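Trainee: Quick one: the structure is below, and I'll ask about it shortly.
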Amino acid sequence: MSELLIIGSERSEAGIPAAMEILRRGGSALEAVERGLILCEDNLADHYVGTGGLPNARGEVELDASIMVGSSRAFGAVGAVKNFPNPISIARAVMEKLPQHALLVGQGAEDFADSLGFKRAELLTPEAKALWLQQLKDVPVESIEGENTKAMTGDLRYRLAAIELVKKFAPHEGPWGTINIIARDRTGEIVCGVSTSGYPYKHPGRVGDSSIPGAGNYADIRYGAAACTGRGELSLRGGTARTVVENMRHGMSAEDACFEALKEARNLPDDFRAELRCLAITADGHHGGAAGMEGSTYTLMTESSTQPEFRPRKALL
Ligand code: GLY
């Protein structure tokens, strides 16, 4: 019998207590991770996941999510999904009901969700829309060098402004980003889930690391599980979640495995650099995390926890 354990990224505390309750009642890690992330996706105060997530450059909320089971390495994911509030559940359905595939994106993912009766909903809340518009208004159009912006159509000026803003957006302040939850249940099963609305002002159709096995999410019951938040293009290029698990396979602690994987990603050239973070648990239930800057934490609940605890991540700087 394994000890129950859940860790999660910043703001996962919206879902982790309910997830732990599921484990305590004998539920599976899969059920716990899905439930925990649904609660995060439904948290309207969170603008980086689910309903209320900040939209892409066209003003549409597009969501990515994935789930991976450590014993079978079964994986399900969706990318660039619009109008469905709980992409983590669609990702689970891809894994369980469409085992010939692992990842569906865009219209195909939405058709699949419709076929299973998932409810559609408006994801862009008035608060998220106001934030999105405000940040666009803050872009001085004259700042676009070498372009006679006054002569352009408003539409083109708008697009250029949005692109300019994307460049300016990273890195930014505050508790932001994707949400990861990793759980271990009584049977020792390890499941890792990731959900995000991705980068605000991203190009429509952009899919980040949260949907990609080995990049933002990886679980292998023999060695552990890991997940990433932050600049997904870095973890896509670095295969960061898989690198963390490989590092644990070679005997590193969860914290060192994350730290070393982030060091590798940090060396990649990237004009849009923003922070990347990761967290992990080992097969025997040790946990840790790393981040680009001091003061970052991850969230923890064990069997005896009465509420989520916040543990420091090892900082690269
Ligand atoms: N890590 C989330 C993203 O880049 O979309």
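Trainee: If you rank Leu234, Leu30 by fewest surrounding Cβ atoms within 10 Å, what's the result?
Mentor: Leu30, Leu234
Trainee: Which entries of Lys97/Lys202; Lys82/Lys314; Lys119/Lys202 have Cα-Cα distances beyond 28 Å here?
Mentor: The answer is Lys97/Lys202; Lys82/Lys314.
Trainee: I want to check the label-to-label distance for Leu317 and His203. Put each point 7 Å from Cα in the C-beta direction and report it in nm to one decimal.
Mentor: It is 2.8 nm.
Trainee: Can I ask one more? Roughly how far apart, in whole Å, are the Cα centres of the range 15-69 and the range 222-273?
Mentor: The range 15-69 and the range 222-273 have Cα centres spaced 22 Å from each other.
Trainee: Here is a further query. Dividing the Cα convex hull volume of the range 185-259 by residue count, how many Å³ per residue is that?
Mentor: 90
Trainee: Per DSSP helix of 4 or more residues, -39500 (n - 2.57); summed, then divided by the residues of the chain. What does that give at 222 nm, rounded to the nearest 500?
Mentor: Taking each H run of at least 4 residues, the total per residue is -9500 deg cm²/dmol.
Trainee: May I ask you to order 46-54, 90-98, 113-121, 305-313 by the average number of other C-beta atoms within 10 Å around their residues, highest value first?
Mentor: 46-54, 90-98, 305-313, 113-121
Trainee: If you don't mind, there's one more thing I want to ask. In whole angstrom, and with the biggest value first, how far do the Cα coordinates of the chain range along each principal axis?
Mentor: Principal-axis extents of the chain (Cα, largest first): 69, 47, 37 Å.
Trainee: Cut-off is 10 Å between beta-carbons; in what order do Thr243, Thr125, Thr187 appear when sorted fewest neighbours first?
Mentor: Going from sparsest to densest Cβ surroundings: Thr187, Thr125, Thr243.
Trainee: Next up: Take the Cα coordinates of the range 54-135, assign each an equal point scatterer, and use the Debye formula without solvent to give log10 I(q)/I(0) at q = 0.11, 0.15, 0.22 Å⁻¹.
Mentor: -0.32, -0.54, -0.93
Trainee: Now, a different point. Where does each of Leu124, Leu5, Leu262 land when they are ranked from fewest to most other beta-carbon atoms within 10 angstrom?
Mentor: So the residues, fewest neighbours to most, are Leu124, Leu5, Leu262.
Trainee: On to the next question. Find how much the distance from Glu60 to Gln107 grows on full extension, using 0.36 nm per residue of separation minus their present alpha carbon separation; answer in nm with one decimal.
Mentor: 15.5 nm
Trainee: If I model a spin label as a point 7 Å beyond the Cα along the Cα-Cβ vector, how far apart are those points for Gln134 and Leu116 in nm?
Mentor: So the two model labels end up 3.6 nm from each other.
No lab work stands behind these numbers, since they all come straight from the coordinates. What you see is a predicted model; the values in this text were computed from it and never measured. Heads up, the Cβs are rebuilt from the backbone with ideal geometry, glycines too, and the neighbour counts pull from every protein chain shown.
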